[in-house]
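Peer 1: I have a structure here, written as structure tokens, and I will follow up with some questions on it.
The values are calculated or read from the model by the stated rules, or taken from the named source; none is laboratory data. Not measured: the values here are computed from a predicted model. Because the Cβ atoms are built from the backbone with ideal geometry, glycine has one as well, and the counts that use them run over all protein chains shown. The accessibility values were calculated without ligands, DNA or RNA, using every heavy atom of the protein model including side chains. Shrake-Rupley method; radii C 1.70, N 1.55, O 1.52, S 1.80 Å.
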Amino acid sequence: MEEVVKLAANYGFPMVVAGYLLVRLEPVIRDLQKSISLLTVVVARQGGVDYEDARMLVEGGKS
């Protein structure tokens, strides 16, 4: 706890809060990315679209 207080005193409260949130939200962001990829596959299969075509559309035409 003492280290957090030192960081807040040295770098400012907003920077400490931003760093904390980045560390805490990284796993959530990774899970959301996996969910979006899975949903892309599901929607492509239900719509009769080839997965590779759907992936290219999502990635903006990159191969």
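Peer 1: Label Ala8 and Asp31 with points 7 Å out from Cα along Cα→Cβ: what is the distance between them in nm?
Peer 2: 2.7 nm
Peer 1: If I fit a long axis through the Cα atoms of helix 2-11 and take the longest principal axis of the Cα atoms of the chain, what angle between them do I get, 0 to 90°, rounded to 10?
Peer 2: 80 degrees
Peer 1: For the chain, take the longest principal axis of its alpha carbons; what is the angle in degrees between that and the long axis of helix 13-46, to the nearest 10 within 0 to 90?
Peer 2: Value to nearest ten degrees: 10.
Peer 1: Between Val42 and Leu22, what's the calculated FRET efficiency when r is the beta-carbon distance and R0 is 30 Å? Round to 0.05.
Peer 2: Once rounded, the FRET efficiency stands at 0.50.
Peer 1: Report, in whole Å, the centroid distance computed from the Cα atoms of segment 30-55 and segment 1-28.
Peer 2: Centre-to-centre (Cα) distance: 35 Å.
Peer 1: I would also like to ask the following. Placing +1 on the Cβ of each Lys and Arg and -1 on the Cβ of each Asp and Glu in segment 1-60, which of Leu39, Val49, Tyr20 has its Cα farthest towards the positive end of the resulting dipole?
Peer 2: Value computed over the given set: Tyr20.
Peer 1: Using DSSP to call loops (not H, G, I, E or B), can you name the trypsin sites (Lys or Arg not before Pro) in the chain whose Cβ has at most 13 other Cβ atoms within 10 angstrom?
Peer 2: Lys62
Peer 1: Can you compute log10 of I(q)/I(0) for the chain with the Debye formula, treating each Cα as one identical point scatterer, at q = 0.12, 0.18, 0.27 Å⁻¹?
Peer 2: With one equal scatterer per Cα and no solvent, log10 I(q)/I(0) is -0.53, -0.71, -1.04.
Peer 1: How large is the dipole of segment 1-49 about the Cα centre if only Lys and Arg carry +1 and Asp and Glu carry -1, each at its Cβ, rounded to the nearest 20 debye?
Peer 2: 260 debye
Peer 1: Please report, as a whole percent, how much of the solvent-accessible surface of the chain comes from carbon and sulfur atoms (probe radius 1.4 Å).
Peer 2: Answer for the chain is 65 percent, counting heavy atoms of protein chains only.
Peer 1: Sticking with the crude label model, points 7 Å out along Cα→Cβ, report the distance from Met15 to Met56 in nm, one decimal please.
Peer 2: The answer from the label model is 4.6 nm.
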